[in-house]
Amino acid sequence: MKYLMQIMIIGGITFAGEMLHVLIPLPVPASVYGMVILFICLCLHIVKEEQIEDTAQWLLAVMPVMFIGPGVEIMEHYTKIADSILPFALVVLISTVLVMAATGLTVQGVMA
């Protein structure tokens, strides 16, 4: 029953994010709205970490499995993208560095 309640909390927040995505005409993914709602709820102690911790840990544990499908799909269509592999690799490398830098600066700003 504990896990069901945790899934319902996370699912409800995800649903609220989907509703905001429909209602607000901005090019923001519904998942981002959901993460912001969850962050606000955690900061304001509306949702306590203990209330979703076990299910969140499980979701993090199974997350790598979700990337198997896209990885296999890339391998199946490698011949189609082989000529563009260098630009793809550069975009991945640059965007990874930018995301890491933005995350680090954001964390430093929040902690200060």
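I'd like to check something: does region 46-63 contain any residue that is open to solvent by less than 100 Å² (accessible area, probe 1.4 Å) and either of a type in the set (F, W, Y) or not in a helix (DSSP H, G or I) (or both)?
For region 46-63, residues open to solvent by less than 100 Å² (accessible area, probe 1.4 Å) and either of a type in the set (F, W, Y) or not in a helix (DSSP H, G or I) (or both): present.
Would you please name the residue that is nearest to the chain's Cα centre (by Cα), looking only at residues in region 9-28 that are loosely packed, with under 12 Cβ neighbours inside 10 Å and part of a loop (DSSP other than H, G, I, E, B)?
Once the filter is applied, the top-ranked residue is P27.
Enumerate the pairs (first residue in region 64-85 and in contact (Cβ under 8 Å) with a residue 60 or more places away in the chain; second residue anywhere and open to solvent by less than 100 Å² (accessible area, probe 1.4 Å)) with beta-carbon separation below 9 Å, excluding pairs fewer than 6 apart on the same chain, so at least 6 apart or on different chains.
Correct list of pairs: empty, since none qualify.
Name every residue in region 77-112 that is closer than 20 Å to F39 by Cβ, open to solvent by 80 Å² or more (accessible area, probe 1.4 Å) and part of a helix (DSSP H, G or I), in order of residue number.
V99, M100, L105, T106, Q108, V110, M111
The values are calculated or read from the model by the stated rules, or taken from the named source; none is laboratory data. Here the structure is a predicted model, which is why all the values come from computation and not from measurement. Reconstructed Cβ throughout: ideal geometry from the backbone, glycine too, with neighbour counts over all protein chains shown. Each accessible area value is taken on the protein alone, full model and side chains, heavy atoms only, with ligands, DNA and RNA left out. Shrake-Rupley method; radii C 1.70, N 1.55, O 1.52, S 1.80 Å.
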